[in-house]
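Everything on this sheet refers to the single structure shown next.
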Amino acid sequence: MKKFTLAIIVTLFITGLLVSQTITVTSPAAGSIWDKGSAQNITWRSSDCSDTSIKINIFRNSILEANFVEQLTCTDTGSKSWTIPLSYTAGNYILRIKTADNLCRGDSGLFEIRDARDLTETPEINITSPTSSSDWKRGTLKRITWTKTGDMHGRVKIHLMNSGGTAEVRTISSNTQNDLNHLWLVPVTQAAGIYRIRIQTFDRDPVTDTSPAFDIIRTPSLALQQNTVLETRAITPGSTQPVIRVVYPNGGENITRGSRMEIRWECVEGFNPPKIKIQKNGRTIKTYGPDRLYPVPSRGGYIWPWIVPSNLTPGTDYKVRIEKGDFSRSNDISDRNFTITSDLNIEVTEPRGSGLTATNGTFIRWRAGGIEGDVNVHLQAAEGRGGPLLIRSNVPATPGSFLWYVGDLRTSAGGRILSGNRYKVIVTAADGSASGESNSFQIMKPTLEVIAPNRGEKRPGDNLNIRWNNSPGFHGDVKIILQRQSGSTWFQYEVLFPSTHDKNVDWTIYSNRGATLDPIPTGTYYRIRIESVRCPIEVVAIGERFYLR
């Protein structure tokens, strides 16, 4: 009895030592991007490791024998300098750091090694327009241009900065292609003054350039008499050709009170400051001009920026009439009615109210009336229980859509998305000025089932046949994980297949194969966990445990 008790104590002591001996990899972190040819520091923390000889095994995608790339060696100083070979294939990698006695080990997160940048040429952006002599008029379309050298990110942000280039005035584009030019309609509401343009790439170390200071000027005041002509496009005597034609709004448009829009028309004969009339059901309710009405020339016609009055009555019977003279051909009116809707609004059009399977993608779509900034998108239980769950923030209000997978989202109160419960999508303007919600819909959770392996015993070197099935409606790949039991706890030991849709796969339980992989520990229980790649928390199956002798 005493010998038995002593054996238990020794076993527990050794187990305690093994548990306390750990290595935690601190660099590369999950999601890091390292360039081929660059010098990097691999770093880690070790705890209670008696062996000071370190092996660093490098794998592609996952820690499998077939994915082994090379091994680095060093002493346990917590750091290893490594110049990434140019011969490496670009892609995802993972490191396993362990002591030579295999008692301590730790794995890095999945990180990326990408093709080396051109290290002989420093990446640069040089803005070529605007220049210091540029005078850009409000309401005109201008082209921002730049050159680039060296390797850099393919997307850029473009900002309008103050005269000193120290503070952002507005975002011209938050995400546009780095293709050396960008068209920008200078807002008519932009205050006249001195500004600069800043262009910045999306790189980890962004490449940036700021233009010289340039002027944004007011549209020239045109204090003209009623019959002054700025251009002469003579009309043939007796012609029935119209002198003016309304282009926008010309019928069928939906315009929101409080929003900014442009009334556009084409002019054949020349420029006389016109009258612009807003008509409802054939009756004029607003008249603008001709005094102090200064339209902006644009492509054979003119633009007049209009802030739609908030006190207009919503309706579907509006038209614009432009009067330029006393005879019929010098006047025109919208061909059909357009609609003026109520103040700033958001209408969520999808999901439409049917069921949504958790592993499937669905489009969230909305229409934002008068919202010029970003919106935030949340998921809310239809009954209102629990706080809203953020799906995506700072989404441009227009165009109003993106593809969404339910994934492993949870409510802010800590509860899960429950299969069969009803939910709704809420879209809210980032400034809180308007919001809208979808019809309620169910989120259905498909199921997975591990068919094999079943209970029994296995040995290193045996083939492990893994089979699984799913309920109707399941879409996407699964991740297959080997879990190991430690006391009453199960922990992930190895990712066997990071992503597969094959429902019948084989894996050989590896034994000692040298330096690349440790021998799998025997004398304990294992099991298979299968989880949806798209929905890894909600859609999961656990197999029966088996004993590895």
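The values are calculated or read from the model by the stated rules, or taken from the named source; none is laboratory data. Nothing here was measured: the structure is a model prediction, and the numbers come from that model. As a convention, Cβ positions derive from the backbone with ideal geometry for all residues, glycine included, and neighbour counts pool all protein chains shown.
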Check: Out of the stretch 104-116, which residues are surrounded by fewer than 15 Cβ atoms within 10 Å (Cβ to Cβ) and either among the aliphatic types (A, V, I, L, M) or at pLDDT 90 or above (or both)?
Finding: none
Next item on the list: Among the strands (runs of 3 or more DSSP E) lying completely within the stretch 457-549, list those that include at least 1 residues that are among the β-branched types (V, I, T).
Entry: 463-470, 478-486, 489-500, 504-508, 524-532, 540-542
Next item on the list: Among the numbered conditions (1) under 26 Å from I364 (Cα atoms); (2) surrounded by 13 or more Cβ atoms within 10 Å (Cβ to Cβ), tell me where E494 comes up short.
Entry: (1)
Note to self: Test of understanding: among S221, S211, which residue is at pLDDT below 80 and either polar (S, T, N, Q) or under 33 Å from the mean Cα position of the chain (by Cα) (or both)?
What the structure shows: S221
Next item on the list: State whether the residues of the stretch 147-155 include one that is of a type in the set (S, T, Y) and not in a loop (DSSP other than H, G, I, E, B).
Entry: yes
Margin query: Please determine whether any residue of the stretch 136-143 is within 30 Å of the chain's Cα centre (by Cα), of a type in the set (A, V, I, L, M, F, W, C) and closer than 30 Å to I216 by Cα.
Written below: yes
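Quick grid of which residues meet (1) out of contact with any Ser or Thr (no Cβ under 8 Å at 6 or more places or on another chain); (2) at pLDDT 85 or above; (3) closer than 22 Å to A541 by Cα; (4) of a type in the set (D, E, K, R):
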{"site": "S401", "(1), (2), (3), (4)": "yes, yes, no, no"}
{"site": "W404", "(1), (2), (3), (4)": "no, no, no, no"}
{"site": "R410", "(1), (2), (3), (4)": "yes, no, yes, yes"}
{"site": "V425", "(1), (2), (3), (4)": "no, yes, no, no"}
{"site": "G432", "(1), (2), (3), (4)": "yes, no, no, no"}
{"site": "S435", "(1), (2), (3), (4)": "no, no, no, no"}
{"site": "M444", "(1), (2), (3), (4)": "no, no, yes, no"}
{"site": "G456", "(1), (2), (3), (4)": "yes, yes, yes, no"}
Next item on the list: Inspect the stretch 70-79 for any residue being acidic (D, E), surrounded by 15 or more Cβ atoms within 10 Å (Cβ to Cβ) and over 25 Å from E494 (Cβ atoms) and give the result as yes or no.
Entry: no
Notebook entry, point to check: Say we look at the stretch 34-70 and pick out the residues that are part of a strand (DSSP E or B), over 10 Å from Y93 (Cα atoms) and β-branched (V, I, T); which of these is farthest from the chain's Cα centre (by Cα)?
Noted result: I54
Next item on the list: Looking for whichever is at pLDDT 90 or above, under 30 Å from S32 (Cα atoms) and among the basic types (K, R) here; the options are R198, R204. Which one fits?
Entry: R198
Notebook entry, point to check: Listed residues Y288, Y318; which is modelled with pLDDT of 90 or more and in contact with a Phe, Trp or Tyr (Cβ under 6 Å, 6 or more places away or on another chain)?
Noted result: Y318
